[in-house]
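Below you'll find the structure, written out as structure tokens, and then a few comments.
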Amino acid sequence: MDPTACLDIIRELTEKIIVASDGDDDYGYVAAALDHAYELADHVQALDEWIMKGGLLPDTWADPPPKEGD
């Protein structure tokens with residue numbers, strides 16, 4: 001498992017859900033949002049299991065950028 005790639009997918013899917021949810025109440029938007037939500041949940045669960053078993057954190061979590069003012 002590549003935790004960094006998984007986090008990238010989680011971020012992409014989150015954006016897709018937001019975009020799909022901003023559409024009309026047309027069935028196509030709802031179906032797309034549900035599809036993305038299911039895939040998102042799958043990746044979140046996989047990343048959680050990975051980390052809980054002692055796997056490495058995604059790169060941006062393991063080495064976050066410095067905070068402003070530091």
Checklist outcome for this item: Residues of the stretch 18-28 being open to solvent by 60 Å² or more (accessible area, probe 1.4 Å) and at pLDDT 75 or above, in sequence order, are ILE18, VAL19
Checklist entry - Taking into account only those residues within the stretch 40-60 that are out of contact with any Ser or Thr (no Cβ under 6 Å at 6 or more places or on another chain) and outside any helix (DSSP H, G or I), which is surrounded by the most Cβ atoms within 10 Å (Cβ to Cβ)? => result LEU57
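The values are calculated or read from the model by the stated rules, or taken from the named source; none is laboratory data. Just so we're clear, the structure is a prediction, and the values are computed from it rather than from any experiment. FYI the Cβ positions are ideal-geometry reconstructions off the backbone, even for glycines, and counts take in every protein chain you see. Only protein heavy atoms, including side chains, enter the accessible area calculation; ligands, DNA and RNA are left aside. Shrake-Rupley method; radii C 1.70, N 1.55, O 1.52, S 1.80 Å.
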